[in-house]
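The values are calculated or read from the model by the stated rules, or taken from the named source; none is laboratory data. Note that this is a predicted model, so its numbers are computed, not measured. Because the Cβ atoms are built from the backbone with ideal geometry, glycine has one as well, and the counts that use them run over all protein chains shown. For the accessible areas, the whole protein counts, side chains as well, though only heavy atoms, and no ligand, DNA or RNA atoms are used. Shrake-Rupley method; radii C 1.70, N 1.55, O 1.52, S 1.80 Å.
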Amino acid sequence: MSLFTAALHPNVGLGFLVLGASLHDILTRLKAEPQRFPKLDLTYSEKDPVTEPVILALPANGIRLRFDGPEQRLRLIEVIDFTKNRITYQEKDVAKPPNSQGTQGSPRLGGDAATGPAFKNIYHRLFGPTYAGEYIPPVDTGNSNALGTYILSYPGVAFSFPLPKSAYSPNKDVVSLLSSPASQTATSVAIFSGKSWAHARETLWDEILPSVKSAFLFNKSKEVVPDEISLVKIHGGGRLQLFKKWTNSSIWINLGETTPQDLVAELGPPDAIYRKNDQRMYIHKTRTASHSRSRSNGGDYRRPEDLTDTDQSSAHTGSDDSEDEAVEDEFVGNVSGECFYNYFYLGFDILVSPPQPASRIPPSQVAALNGKEVPGASPFKNGTADRLVATKMVLHANVPGSYPFNRHRRCRWEIQYLATDNSDDIVNSETQFDEIEERLREEWKSTYTSEEDAKKRQRGMVLNRGWGDSPGSSCEFLGGWEDSSGGVGAKKFDGSEDSTTTLYGFPGMVFEVLKNGFVSAVTVY
């Protein structure tokens, strides 16, 4: 294994590990170099995987990364073992390298500078003087020899030094405190965004971080970083508003009207294109078609099985140009032009197909508009029936522990037509499905003939993504389960409840719900 070598940039990052980068981007980069990063340990809350922080440890490299739950952005970088890496600052070693061969050295005892940055090196040679730090007393307060932690902080970077409780006094200056042999070597270093660690930790998980594109690390490279979509607002009636991160601008996607040319112009070319060729779920479509004439508003109350082709959006990571792509079916018609635009780094997929009737406008919006044109409506209508347009959009939550984890980055969304005057009362990607279901039933209750009719229309359909030949499944899971490194993604699902989700349909939306109640993906049509 080659030694991990990186330059430390306070307030910015450590090498290519840049504060503000997404969990998907970091994991994808790490998995691309298995020889350099042989083991990845992911820790998350099974109960609250999208609200609690996610921790990614690199035990073979002595690095620990902390991401917030809702946005999955890198918030804190920690170097916890200096024998497994070589960290530099302004081309100078922060700690003495493990050995000249660049392999892992043996941990040493006491105040040997080989195990971490020496206080004198930090304070005199690298970073210079700073304000007095913060002392965190040991848990065992009764033992005077128990080690506490003294945090020496600079803007964007902080060092942790072991300090016995008996040696600490608020009247002593930092030089006197950290000059003793037992305390002169730091055990870890943290890289964050903020004036000091005491200031940064108060807003560590919710601070708005600067764009990764503004980091000088990217300014020096030729790497093209696309504009991120920070939020998708679902307005109903097939209208979605996409907000670009770190800007005040937004773009609209009107399903049934927005063309592939519009998508490429606003979002850039897709990361991959998947052409539909799976007919296994069309039996439900034929059943629905045979009864559609006897049902009122059939297009608005399509069952989840009518939309399961959206699960194909992430089943493959590239275009398939084989001759069997064109599927002709008596009921479905020629779908040879249908394909998914996969935007893995934006967190969603878009189905491009011949125009389909848009879902109905939510009742609350109909009353509020009072005959006015809906926001975001395009003045240019598509008059050609066979012209390809965006007809469905799949928003992926990238929930840790779910089957498709890290295939897409996390896409956050809000159901705008459920918004109230209370700014805290928002139905979004972090909301449990039980609450979402309750709010949506209340919104659409005027369209149901009875409570029994409402329950019948929203029955769940179980989908097992663990079966290798099931619609939407794929053997690729963070590099595939043939990976024997024992890191993230080395787990194969074989039909257990971990790979089982449930689909629930509402007018214009289908939710894929995990066992813990969080939404793994939502399809808007």
Give me a count of the residues in the stretch 1-59 that are open to solvent by 50 Å² or more (accessible area, probe 1.4 Å), part of a loop (DSSP other than H, G, I, E, B) and β-branched (V, I, T).
-> 1
Can you find a residue in the stretch 467-485 that is open to solvent by less than 50 Å² (accessible area, probe 1.4 Å) and modelled with pLDDT of 85 or more?
-> no
Count - residues of the stretch 135-167 that are in contact with a Ser or Thr (Cβ under 7 Å, 6 or more places away or on another chain), open to solvent by 30 Å² or more (accessible area, probe 1.4 Å) and assigned to a strand (DSSP E or B) = 2
Filter result (in a loop (DSSP other than H, G, I, E, B) and surrounded by fewer than 18 Cβ atoms within 10 Å (Cβ to Cβ)) within the stretch 229-262 | K245, W246, T247, N248, S249, T259
Taking the options I122, I80, I87, name whichever one is open to solvent by 20 Å² or more (accessible area, probe 1.4 Å), aliphatic (A, V, I, L, M) and either out of contact with any helix residue (DSSP H, G or I) (no Cβ under 7 Å at 6 or more places or on another chain) or modelled with pLDDT of 90 or more (or both).
-> I80
By residue number, the members of the stretch 231-247 that are farther than 19 Å from P270 by Cβ and modelled with pLDDT of 85 or more are L231, K233, I234, H235, G236, G237, G238, R239, Q241, F243
Before we move on, is L388 of a type outside the set (G, A, S) and open to solvent by less than 30 Å² (accessible area, probe 1.4 Å)?
-> no
